[in-house]
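**Student:** Sending over a structure as structure tokens; questions will come in a sec.
The values are calculated or read from the model by the stated rules, or taken from the named source; none is laboratory data. Owing to the predicted nature of the structure, the values given are computational and were not obtained by experimental measurement. All Cβ positions, even for glycine, are placed from backbone atoms using ideal geometry, and neighbour counts span all protein chains on display. In case anyone asks, the SASA skips ligands and DNA or RNA and just uses the protein heavy atoms, side chains included. Shrake-Rupley method; radii C 1.70, N 1.55, O 1.52, S 1.80 Å.
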Amino acid sequence: MTVVIGVHRSNPSLYHLSRLGYAEQELAALGETVAWHPYTDGVRTGAYLADGTIDFGGTGSTPPVTAQAAGHDIVYTAVSAPRPGHGALLVPEDSPVRTVADLKGGTVHLAVGSWQTHLVAKALDDAGLSYATDITPVRGDSGSERKLRSGEITAWVAQGAELAAARRTGGLRVLVPTAEVISDRSVFFTRRDLAEGRPEVVEALVRALRRADEWAAAHPREAAGIAAADQGGTVDDWETALRALPWTIEEVTEEFVAEQQRAADVFHRTGFVDRAVTVADALPRKA
């Protein structure tokens with residue numbers, strides 16, 4: 001078979017794996033081949049798995065929950081270690097917003113549907129506020145930083161090289177450290193038919209991910225150069241961003257499932273998903 005792997009810019013492990021040949025090597029040992037399906041929005045990963053466009057994908061914490069809520073039968077395969085330096089909720093240095101509670105009534109730019117929704121929704125929930133009613137969440141764009149600095153919006157969730165560049169420029173502060181709210185893991189998942197029918201394929205892909213992460217950890221400047229040439233930004237900012245990542249692939253644990261369940265509960269309570277989700281349903285069934 002040909003295993004189709006989804007790849008988008010927001011998942012650094014898959015992004016670099018697609019350029020290193022490790023997936024091809026691992027699957028060749030099983031007599032299988034690899035095809036890559038590039039796309040721009042990781043939020044679509046669950047739908048692409050469900051309709052057969054891809055066989056394997058990776059995102060942040062939110063898309064697999066929304067995939068389950070949409071009725072897609074996904075299975076978690078691996079996760080990264082927590083990524084506390086990956087992204088941050090920023091406000092201007094002189095903003096009157098001093099706590100998450102002060103966001104009430106404000107406009108927050110973020111990648112709606114990504115891990116950033118998890119961060120903002122959980123931070124608000126912890127403060128007794130609702131993502132659904134107490135802020136106006138707006139999909140961020142290339143103008144988000146400018147709008148934040150000019151006071152047009154209240155807060156902005158930045159990640160990667162954009163976050164590194166914003167910090168280097170100065171004038172912004174972190175409202176709440178990500179690690180105090182969520183673990184912010186990278187999450188890898190597939191369809192149940194592949195997870196249970198061809199577990200050796202999934203194991204090979206996880207091995208390939210580990211190899212890619214080991215390469216990125218050992219070659220941060222080279223990895224930064226690849227990302228900057230493809231996505232824009234400076235090599236220095238990309239290197240800062242990539243060095244902040246753990247580059248560690250872990251097994252799916254009870255702790256992770258509990259983290260995801262807390263996210264799912266918040267999403268349902270605030271109406272971000274329209275039905276309750278049992279995260280443990282996205283684990284492989286025991287024989």
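**Student:** Which of the listed residues, 166, 209, 219, is farthest toward the dipole's positive end in the stretch 148-222, when Lys, Arg count +1 and Asp, Glu count -1 at the beta-carbon?
**Tutor:** The listed residue farthest towards the positive side: 166.
**Student:** Explain nothing, just the number: relative contact order of the chain, from Cα pairs under 8 Å at least 6 residues apart, as a whole percent.
**Tutor:** Worked out over the chain, it gives 27 percent.
**Student:** What does the net charge come to around residue 244 if you take all other residues with beta carbon closer than 15 Å to its beta carbon, with K and R at +1 and D and E at -1?
**Tutor:** Working: positive: 83, 167, 168, 185, 221, 243; negative: 162, 184, 213, 236, 237, 239.
Net charge in that neighbourhood comes out at 0.
**Student:** Continuing with the same structure: In terms of solvent-accessible area of protein heavy atoms at a 1.4 angstrom probe, what is the ranking of 281, 94, highest value first?
**Tutor:** Result, largest first: 94, 281.
**Student:** Still on this structure, please answer the following. If we count every other residue with Cβ under 14 angstrom of residue 218's Cβ, Lys/Arg +1 and Asp/Glu -1, where does the sum land?
**Tutor:** 0
**Student:** Once you order the gyration tensor axes a ≥ b ≥ c over the Cα atoms, which shape class does the chain get: rounded for a/c under 1.5, otherwise prolate or oblate by comparing a/b with b/c?
**Tutor:** Here the chain falls in the oblate category.
**Student:** OK, next. What is the set of long-range amide H partners of residue 186 at a cut-off below 5 Å, with H atoms built 1.01 Å from backbone N?
**Tutor:** So residue 186 has HN proximity to 80.
**Student:** With an 8 Å cut-off on Cα pairs and a minimum separation of 6 or more residues, tell me the relative contact order of the stretch 1-41 in percent.
**Tutor:** 60
**Student:** Still on this structure: Amide H neighbours of residue 90 under 5 Å, counting only residues 5+ apart in sequence or on other chains, H built in-plane at 1.01 Å?
**Tutor:** 156, 157, 158, 175
**Student:** Tell me the net charge near residue 138. Cut-off is 13 Å between Cβ atoms, residue 138 excluded, with +1 for each Lys or Arg and -1 for each Asp or Glu.
**Tutor:** Residues close to residue 138 contribute a combined charge of 0.
**Student:** Taking a ≥ b ≥ c as the square roots of the Cα gyration tensor eigenvalues, with a/c under 1.5 meaning rounded and otherwise prolate when a/b beats b/c, else oblate, which class fits the stretch 175-287?
**Tutor:** Taking the square roots of the gyration eigenvalues as a ≥ b ≥ c, the stretch 175-287 is oblate.
**Student:** Which percentage, to the nearest 5, of the DSSP beta bridges contained in the chain is antiparallel?
**Tutor:** Numbers: 19 of 32 bridges.
Restricted to the chain, the bridges split so that about 60 percent are antiparallel.
**Student:** Dipole size in debye (nearest 20) for the stretch 174-287 around its Cα centre, Lys and Arg Cβ +1, Asp and Glu Cβ -1?
**Tutor:** Working: 14 positive and 21 negative charges, 77 e Å.
For the stretch 174-287, the charge dipole is close to 380 debye.
**Student:** Does the stretch 1-157 come out rounded, prolate or oblate by the C-alpha gyration tensor, with a ≥ b ≥ c the root eigenvalues, rounded set by a/c under 1.5 and, if not, prolate when a/b is larger than b/c and oblate if not?
**Tutor:** prolate
**Student:** Determine the share of the chain's accessible area contributed by carbon and sulfur atoms, expressed in whole percent, with a 1.4 angstrom probe.
**Tutor:** 50
**Student:** Using a 1.4 angstrom probe with every protein chain in place, what is the largest-first accessible-area order of 102, 134?
**Tutor:** 102, 134
**Student:** Right, next: Quick one: what are the phi-derived ³J(HN,Hα) couplings along the stretch 12-21, Karplus 6.51/-1.76/1.60 with θ = phi - 60°, whole Hz, x for glycine and proline?
**Tutor:** 3J(HN,Hα) across the stretch 12-21, in whole Hz: x, 5, 5, 4, 7, 4, 5, 10, 10, x.
**Student:** Could you tell me the distance between the Cα centroids of the stretch 140-166 and the stretch 254-287, to the nearest Å?
**Tutor:** Answer, in whole Å: 30.
**Student:** At 1.4 Å probe size, with every protein chain present, just tell me what the per residue accessible area of the stretch 128-173 comes to in Å².
**Tutor:** Counting only protein heavy atoms, the per-residue value for the stretch 128-173 is 48 Å².
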